[in-house]
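Q: Here it is, the structure, as structure tokens.
The values are calculated or read from the model by the stated rules, or taken from the named source; none is laboratory data. These figures come from a predicted structure and were not determined experimentally. Here Cβ is always computed from backbone atoms with ideal geometry, including for glycine, and neighbour counts include all displayed protein chains. SASA here: full protein model, heavy atoms, side chains in, ligands and nucleic acids out. Shrake-Rupley method; radii C 1.70, N 1.55, O 1.52, S 1.80 Å.
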Amino acid sequence: EQHVKDKNGPIRLIYHTTPHRGLQLLYPVYDLLSKKYGDRLHLDVYSSFKIYGWEQRDEQYRDLFEALKAHPHITYHGSVSNNEIREALKKAHIFAYPCIWPETSCIAAIEALSARCLVVCPSYAALPETTGRFALEYDFTSNVDEMMTDFMHRLTWAIENLQTNLVQTNLYEQKLYTDFKYNWTTRALEWEQMLQTIKRKWKS
């Protein structure tokens, strides 16, 4: 399924994973960008530990959630079903993901890639492998201020160049790559091949 994005309305950014993975970095960066771009941008945030039944862990992010709710160019949705997330991704243009969590894979990034969202994230842990280098990456560093600056520069580039032929072609190719690599037919074949290899080694 090809997702046709609205070119006439605001550029829609999305964050759709738990808050501890980088939401506290996204808010101040987006707040600065929204002052520059105004109504040209909108951020949808789908984030809460409620998805895991850990509502008590949301307490430490209460002030951040309240700031998100109060922002004129942000809609905070909390925790919703995966079906709702997938529908939101169809309308989103950019997955803004300043990840500070060492991902071993990243379902949120995979779903965003398949929905033809431009992914902006650090080259940290398994994200480069997961995104197949289609993401707009920046270097991960322990210096938070430096990392936020790099994230803002990449996000600005994504906003300014979203509709260029280069980026749109990249988004088309990333969907083909993602839908081929991350589907159950491919996964089942890889597992079968691995198990056959183990079986042969066991017999020998």
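Q: Relative contact order (percent) for the chain, with alpha-carbon contacts under 8 angstrom and 6 or more residues of separation? Intermediate values should be presented prior to the final figure.
A: Working: 283 pairs, mean separation 40.1, N = 204.
Normalised by residue count, the contact order of the chain is 20 percent.
Q: With all protein chains present and a 1.4 Å probe, how do TRP191, TRP157, TRP202 order by accessible area, largest first?
A: In descending accessible area the options line up as TRP202, TRP191, TRP157.
Q: With all protein chains present, how much of the accessible area of the chain (probe radius 1.4 Å) comes from carbon and sulfur, to the nearest whole percent? Present the calculation step by step, with values, prior to reporting the outcome.
A: Values: 6090 of 11370 Å².
Summing carbon and sulfur atoms, their accessible area is 54 percent of the total for the chain.
Q: From the protein chains alone at 1.4 Å, what is the descending order of accessible area for MET152, MET147, largest first? Don't jump to the answer; show the numbers that get you there.
A: Working: MET152 50, MET147 5 Å².
In descending accessible area the options line up as MET152, MET147.
Q: Please compute the per residue accessible area over the chain with all protein chains in place, 1.4 Å probe, rounded to a whole number of Å².
A: Details: 11370 Å² over 204 residues.
For the chain, the per-residue accessible area is 56 Å².
Q: Show which lysines lie in cross-link reach of LYS175 when reach means a straight Cα distance below 28 angstrom and same-chain residues fewer than eight apart are skipped.
A: LYS5, LYS7, LYS90, LYS91
Q: If you take every residue apart from GLU84 with its C-beta less than 15 Å away from the C-beta of GLU84, what net charge results, scoring Lys and Arg +1 and Asp and Glu -1? Don't skip to the end; give the middle numbers.
A: On the way: positive: ARG12, LYS50, ARG86, LYS90, LYS91; negative: ASP44, GLU87, GLU111.
That sum, taken over residues with Cβ under 15 Å, equals +2.
Q: What does the charge count near THR75 come to, summing +1 for each Lys or Arg and -1 for each Asp or Glu among other residues with Cβ under 11 Å from its Cβ?
A: Numbers: positive: ARG12, LYS69; negative: ASP44.
Net charge around THR75: +1.
Q: For a test of the definition: using alpha carbon positions, the gyration tensor, and the 1.5 limit on a/c, classify segment 35-158 as rounded, prolate or oblate.
A: Details: a/c = 1.26, a/b = 1.18, b/c = 1.07.
Judged from the Cα gyration tensor, segment 35-158 comes out rounded (a/c under 1.5).
Q: If the only charges are +1 at each Lys and Arg Cβ and -1 at each Asp and Glu Cβ, what is the size of the charge dipole of segment 1-146 around the Cα centre, to the nearest 20 debye? Show your work: numbers first, answer last.
A: Working: 16 positive and 19 negative charges, 103 e Å.
The calculated dipole for segment 1-146 is roughly 500 debye.
Q: Label segment 117-158 by shape, choosing from rounded, prolate and oblate, from the square roots a ≥ b ≥ c of the eigenvalues of the Cα gyration tensor; if a/c is under 1.5 it is rounded, and otherwise prolate applies when a/b is larger than b/c, oblate when it is not. Please report the intermediate quantities before stating the final value.
A: Numbers: a/c = 3.38, a/b = 1.25, b/c = 2.70.
Taking the square roots of the gyration eigenvalues as a ≥ b ≥ c, segment 117-158 is oblate.
Q: What is the sum of charges, Lys and Arg at +1 and Asp and Glu at -1, for the other residues whose Cβ falls under 15 Å from the Cβ of LEU136? Let's see the in-between values first.
A: Details: positive: ARG116, ARG133, ARG154; negative: GLU137, ASP139, ASP150, GLU160, GLU173.
The answer is -2.
Q: Among HIS42, HIS16, HIS93, which one shows the highest mean-square fluctuation when the chain is modelled as a Gaussian network with alpha-carbon springs under 10 Å?
A: Among HIS42, HIS16, HIS93, the largest GNM mean-square fluctuation belongs to HIS42.
Q: How would you classify segment 108-204 from its alpha-carbon gyration tensor, with a ≥ b ≥ c the square roots of the eigenvalues: rounded for a/c under 1.5, else prolate if a/b is greater than b/c, otherwise oblate?
A: Values: a/c = 4.23, a/b = 1.79, b/c = 2.36.
Since a/c reaches 1.5 but b/c is at least a/b, the shape of segment 108-204 is classed as oblate.
Q: When the chain is treated as a GNM, springs tying every alpha-carbon pair under 10 Å, which of GLN168, GLN24, GLN56 comes out with the largest mean-square fluctuation?
A: Among GLN168, GLN24, GLN56, the largest mean-square fluctuation in the Gaussian network model of the chain belongs to GLN56.
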